[in-house]
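Only one structure is covered here, and it is reproduced in the block below.
Laboratory data are not the source of any read-out in this text; all were calculated from the coordinates shown. As the structure is a prediction and not an experimental result, all values here were calculated from the model. We place every Cβ from the backbone using ideal geometry, glycine too, and count neighbours over all the protein chains shown.
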Amino acid sequence: MKISKIITLSILTTTILLSSQNSLIQKAKKNNLIPIPTKRAELLKIIDPKGVLTKERVELGKMLYFEPRLSKSSLISCNWCHNLALGGVDGVPKATGHTWLGNPRHLNSPTVYNAVFAKRQFWDGRSPSLEDQAKGPVQAGFEMASNRKLVEARINSIPEYVELFKKAYGKNVKIDFDKITSTIAIFERTLVTPSRYDEFLNGKTDALSKKEQKGLETFIDKGCVTCHNGIALGGDMKPFELRNKYKYRDVGGFRGDGKNMIKVPTLRNITQTAPYFHNGMIWKLTDAIKEMSHIQVGYKIKDKDKKSDEFTLNIKPINLTKSDIENIREFFNSLEGKKPKIIYPELPRSRDKTPKPELENSTPKK
């Protein structure tokens, strides 16, 4: 009889637990938290809507991603600031490039992992796609300090690259700046990192620990999902400093897109991408969460008032306690994703006609 009661109690407890977990999954999805699809066909619809990904293009894009000769100095590649061995970032407060110049606005390098899920690129959201974004750092004087003409000359002077472009795009391909940078973006589109968080939202109820589940629920209930939502858990333009001023706002003086809108960073692999915020001024993740609770609020855009054409905001202070912060920090552990295996490519040698490295500070002529 006692054994029967124990078994019955155990079954009842398990049923209640599973019901609670399923309820949390539904709650998360209702709040626009979307997992990375498990089926490749569904994933490709998101990361490759135009059907441009091929094995040849991805491999060529990887080579170009690691290619330092795209920079004026022939020292700096895309991987310099977006190091795939370091969570897709450089691990310093401000992006630092050509001749050790730092970003003039003290802007931090965002991770390239899962960037394909973002709706906008750059902190001010000025680029709508990875293809457009890839053109910027190559030409920025404080990053790679190159230009279209130099990039095209370097790549076209190397026969192996010419052949690889022909294999990837056909023998009549024009190897120009746009084709080179868009090929880099093709590789970046594959840098997706599914995590235990995705497994949980896809129905694996034991993928998250009890503490992580509590953290996820806190993350939702406190309004963090207002900005950190979608597949990217960020990646769109949102208003900043809705409640108080960011304590390091004057470092770099960056104010977003001119309308107080700043691109929300992805939270995927957030435990690996310190320092935090647009100017990289906070190193400890719990401190970053605490600062957000001071300066932001959770809000919802209400439906239009029938008597006017205006939308209204339903604003609610986040007000995180120490326990809330610890719970959310615990949840962030589940966002550490499985990264694609990257084998460092062997790059072809330069030729006599390959433009030589330029190490001085002046910008090359266009």
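The trypsin sites (Lys or Arg not before Pro) of the stretch 170-199 meeting both criteria, a DSSP state outside H, G, I, E and B (loop) and at most 13 other C-beta atoms within 10 angstrom of the site's C-beta, are LYS171, LYS174.
Which loop trypsin sites (Lys or Arg not before Pro) in the stretch 48-125, with loop taken from DSSP, have no more than 15 other Cβ atoms within 10 angstrom of their Cβ? Write down the numbers at each step before the final one.
Numbers: sites: LYS50, LYS55, ARG57, LYS62, ARG69, LYS72, LYS94, ARG105, LYS119, ARG120; in loops: LYS50, LYS72, LYS94, ARG105, LYS119, ARG120.
Listed in order of number, the matching sites are LYS50, LYS119.
Overall, the chain carries a charge dipole of about 460 debye about its Cα centre when +1 sits on the Cβ of Lys and Arg and -1 on the Cβ of Asp and Glu, all other atoms neutral.
When only the Cβ of Lys, Arg, Asp and Glu is charged (+1, +1, -1, -1), the dipole of the stretch 149-210 relative to its Cα centre reaches about 120 debye.
Can you give the helix-only mean residue ellipticity at 222 nm for the chain, where every DSSP H stretch with n ≥ 4 adds -39500 (n - 2.57) and the sum goes over all residues, rounded to the nearest 500 deg cm²/dmol?
Per the formula, -10500 deg cm²/dmol.
For the stretch 218-230, putting each phi into the Karplus relation 6.51 cos²θ - 1.76 cosθ + 1.60 with θ = phi - 60° gives couplings of 5, 4, 6, 5, 8, x, 4, 5, 4, 9, 9, 9, x Hz, in residue order, rounded to whole numbers and with x for Gly and Pro.
Nearest 0.05, what FRET efficiency do ARG351 and ASP178 give at R0 = 22 Å with Cβ-Cβ as r? Please report the intermediate quantities before stating the final value.
Values: r = 23 Å, r/R0 = 1.05.
The value I calculate is 0.40.
The long axis of helix 322-332 is offset from the longest Cα principal axis of the chain by roughly 50 degrees. Residues with beta-carbon under 15 Å from that of LEU24, excluding LEU24: net charge, scoring Lys, Arg +1 and Asp, Glu -1? Within the 15 Å Cβ shell, the charges total +2.
Charge dipole of the stretch 43-188 (Cα centre as origin; +1 on each Lys and Arg Cβ, -1 on each Asp and Glu Cβ, all else neutral): 260 debye, rounded to the nearest 20.
Comparing MET63, SER23, ASN108 along the charge dipole axis of the stretch 10-165, the residue lying farthest to the positive side is SER23, per the Cβ-charge model. Taking amide H positions as modeled 1.01 Å from N, with prolines and chain starts lacking one, the residues under 5 Å from LEU33 and 5 or more places away or on another chain are GLY230. Relative to the dominant Cα principal axis of the chain, helix 159-169 is inclined by about 50°. With loop membership from DSSP and a limit of 16 other Cβ atoms within 10 Å, the longest segment of the chain without GluC sites (Glu not before Pro) is 1-240. Angle check, please: helix 177-188 long axis (alpha carbons) against the longest principal axis of the chain (alpha carbons), in degrees 0 to 90, nearest 10. Taking Cα atoms only, the helix is inclined about 30 degrees.
Pairs LYS179/LYS353; LYS245/LYS316; LYS39/LYS62; LYS238/LYS341; LYS149/LYS338; LYS29/LYS62: which are spaced more than 26 Å apart, C-alpha to C-alpha? With Cα atoms farther than 26 Å apart: LYS238/LYS341; LYS149/LYS338; LYS29/LYS62.
Above 18 angstrom, tally the Cα pairs of the stretch 43-188 and express them as a % of all pairs, no decimals.
On the way: 5833 of 10585 pairs.
Beyond 18 Å sits 55 percent of the P(r) for the stretch 43-188.
The convex hull drawn around the Cα atoms of the chain, when projected onto a plane and averaged over every direction, covers 23.7 nm². Between amide H atoms placed 1.01 Å from N, distances below 5 Å from GLY337 occur with ASN269, all of them 5 or more places distant or on a separate chain.
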